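One structure is given here, and the rest of the page talks about it.
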Amino acid sequence: MTGADIVLEDVTVTFAGRAVPALDRVSVSVRAGEQLALVGPSGAGKSTLLRLLLGGVRPAGGRVRVGGLDPFATQQVRQLRQFTGYVRQRDDLVPGVSARTNILMGQSWSWRMPDWWAVARGRVPSRHAARLAELAEGHGITDILDERVENLSGGQRQRVALARALLGDPRLLLADETTSGLDPVNAARAVADLTSVEGATVMLSTHDVSLAGRFARVVALRAGRIAHDGAPPDARETELIYAHGS
Ligand code: ADP
Ligand code: MG
């Protein structure tokens, strides 16, 4: 499987009622299979950039292509979302159903009737069984698969959301501050997991500079602009990126 390449050319996003654009003429190219960390102070535009890639935010100007697809064309964004694993900053797990069902639901677009029957009976469709077991084991959530997600801790919920994003072996993995609520051991494990999907393009937003340093490429946003793009920034550059917030 090959990753999806990403092209942003001169992209500007302006939210209604905001004087300052959330993204200001941002240009970034990511090769298929490349893995990078997206850093920057709160409000810098990290979440906006990730949402933009899946058509969740409409740009006022510029060009966006993901895996050659246009996220603002209905048919193309559907295709795009099918090969993308996305872990939102605030998780969107479905309350009232189990962690297992939540993890499976990310792949429901591909199900046929027998798969729906299996899930309705609390079973795992056979083609997802091995990978689900492996992910649950790797994330230490095997024993909470039957729990309703509203009974889980923040860290457990995050691991469930991560497992859901990984279940389909995505070509593109977008993770928005996925490590923020995790203790150091689980944060490191989450990064290891995110970066281990064969061939996938990976973007992880984080405000943890030392975690970002595990990536060969770090893109920094500051007040909606690219402030750095390349090898992890040194201490002086990091200070400039974060100086006075944004
Ligand atoms: P980050 O993820 O880096 O913290 P965001 O992308 O969430 O930053 O936000 C960038 C800027 O856009 C901030 O000023 C934020 O307040 C603003 N913003 C984000 N989402 C919305 C929205 N839905 N409506 C209005 N302003 C928004
Ligand atoms: Mg954010």
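One residue stands out among those in region 208-221 that are at pLDDT 95 or above and within 16 Å of ligand 1 (Cβ to nearest atom): the one that is surrounded by the most Cβ atoms within 10 Å (Cβ to Cβ), which is Leu221.
Given the criteria buried (at least 18 other Cβ atoms within 10 Å of the Cβ), within 16 Å of ligand 2 (Cβ to nearest atom), closer than 30 Å to Met105 by Cβ and of a type in the set (Ser, Thr, Tyr), does Thr201 qualify? Judged against the criteria, Thr201 is not a match.
With the structure loaded, tell me whether Ser180 is away from ligand 1 (no atom under 16 Å from the Cβ) and either assigned to a loop (DSSP other than H, G, I, E, B) or at pLDDT below 95 (or both) or whether it fails that test. Answer is no for this residue.
Per the conditions (1) modelled with pLDDT under 95; (2) surrounded by 12 or more Cβ atoms within 10 Å (Cβ to Cβ), the sole criterion not satisfied by Pro125 is (1). If the condition is being in contact (Cβ under 8 Å) with a residue 12 or more places away in the chain and either farther than 21 Å from Ser196 by Cβ or not hydrophobic (A, V, I, L, M, F, W, C) (or both), then region 128-144 contributes His128, Arg131, Gly138, His139, Gly140, Ile144. Would you please list the contacts, defined by Cβ atoms under 8 Å and residues six or more apart or on different chains, that run from a residue in region 224-239 that is assigned to a loop (DSSP other than H, G, I, E, B) to a residue that is of a type in the set (Lys, Arg)? Within 8 Å, the pairs are Ala231/Arg217. Where helices (runs of 4 or more DSSP H) sit wholly within region 20-117, those with at least 3 residues that are closer than 30 Å to Gly155 by Cβ and within 16 Å of ligand 1 (Cβ to nearest atom) occupy 46-53.
The values are calculated or read from the model by the stated rules, or taken from the named source; none is laboratory data. Please read these numbers as outputs of a predicted model, since none were measured by experiment. So basically every Cβ, Gly included, is an ideal-geometry build from the backbone, and we count neighbours across all protein chains shown.
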